[in-house]
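> Below: one structure in structure tokens.
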Amino acid sequence: MASSIPYLSSNKNVEKLFSAIASAKVPDRFTQKYLEDTVGLKGTNDRQLIAMLRNLGFLDQTGAPTANYRLLKSPDTAKQAVAEGIKKAYAPLFAANETANALPPEKLRGLVAQVAGSDDGMTSRISQTLQALLRCADFTGLGTAKANGSNGAGEADLSEEDLVEEIPERSAAAQRGGAHRGTPGVRGLKPEFHYNIQVHLPNNATEEVYLNIFNALRKSFQ
């Protein structure tokens, strides 16, 4: 499990990395040469920062900056973008403790050891890397409704994606014993489920084999 949780051999230049990204031009590819020549980080351990940016969702697998990378350019969005990246890269920790970012160092170490099952050395590297990233992040407001997505009653309006998630849950409640009282229904929408079944037929079989396959399917749906 430990290998799935990112860490750096040295995290001393994490803040310098994000500071340089904010001031430098967005590259076509974030390469080792760009890290050394433009960002100014030439150490062997600094090369791991490129993989870290991928884990945080700021670079794709080819090294090209993603849309989230551009959020690092603005002081208004940079720290929250890092926070979002941390929640993605360290998802196992946040699955075990939703407020992992707010834990004191010793409790964070304990959480890392619990989730990663790592020895003391690996636990230290993971927790110290995460702490360095947390210093560049702002979790304020993450997971709350957007300002333009709330109604006059102070509740978030349901988007189409929300409705898709709500319908199966309410249908299940109805099956258990009628409609969920006190919960407003979603009007005009009826859940429909479609199943696609693919049958891969052998290209060198006899007619009898084909007939047996289709007869078996027919009996299955009777």
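> Amide H of L59: which non-local residues (sequence gap of 5 or more, or other chain) have their own amide H closer than 5 Å, using H built in the peptide plane?
Counting only residues 5 or more places away or on other chains, the set is R54, T66.
> Which whole-Hz couplings ³J(HN,Hα) result when phi for each residue of region 128-135 is put into the Karplus expression 6.51 cos²θ - 1.76 cosθ + 1.60, θ = phi - 60°, listed in order with x for Gly and Pro?
Values, residue by residue: 5, 5, 5, 4, 5, 5, 4, 5 Hz.
> Based on the alpha-carbon gyration tensor of region 12-66 and its eigenvalue square roots a ≥ b ≥ c, which shape applies: rounded if a/c is under 1.5, prolate if not and a/b is larger than b/c, or oblate?
rounded
> Quick check for you: with a 1.4 Å probe and neighbouring chains kept, what is the accessible area per residue of region 72-148, in Å²? Don't jump to the answer; show the numbers that get you there.
Values: 4170 Å² over 77 residues.
Here the per-residue accessible area is 54 Å².
> Taking a ≥ b ≥ c as the square roots of the eigenvalues of the Cα gyration tensor of region 1-95, is the shape rounded (a/c under 1.5), prolate (a/b larger than b/c) or oblate?
oblate
> Step through the residues of region 58-63 one at a time and calculate ³J(HN,Hα) from phi using the Karplus curve (6.51 cos²θ - 1.76 cosθ + 1.60, θ = phi - 60°), rounding each to whole Hz and writing x for Gly and Pro.
With coefficients 6.51, -1.76 and 1.60, one gets 8, 10, 8, 5, 8, x Hz.
> State, as an integer percentage, the relative contact order of region 1-64 based on alpha-carbon contacts under 8 Å between residues 6 or more apart. Spell out each step's value before the answer.
Numbers: 43 pairs, mean separation 25.8, N = 64.
Reported relative contact order: 40 percent.
> Now for a different question. Kindly write out, for region 86-92 in residue order, the coupling ³J(HN,Hα) from the Karplus curve 6.51 cos²θ - 1.76 cosθ + 1.60 (θ = phi - 60°), rounded to whole Hz, with x marking Gly and Pro.
Once θ is set to phi - 60°, the couplings for region 86-92 become 5, 5, 6, 5, 10, 3, x Hz.
The values are calculated or read from the model by the stated rules, or taken from the named source; none is laboratory data. No experiment lies behind these values; they were computed from the predicted model shown. Note: accessible area is taken over every heavy atom of the protein model, side chains too, but ligands, DNA and RNA are not part of it. Shrake-Rupley method; radii C 1.70, N 1.55, O 1.52, S 1.80 Å.
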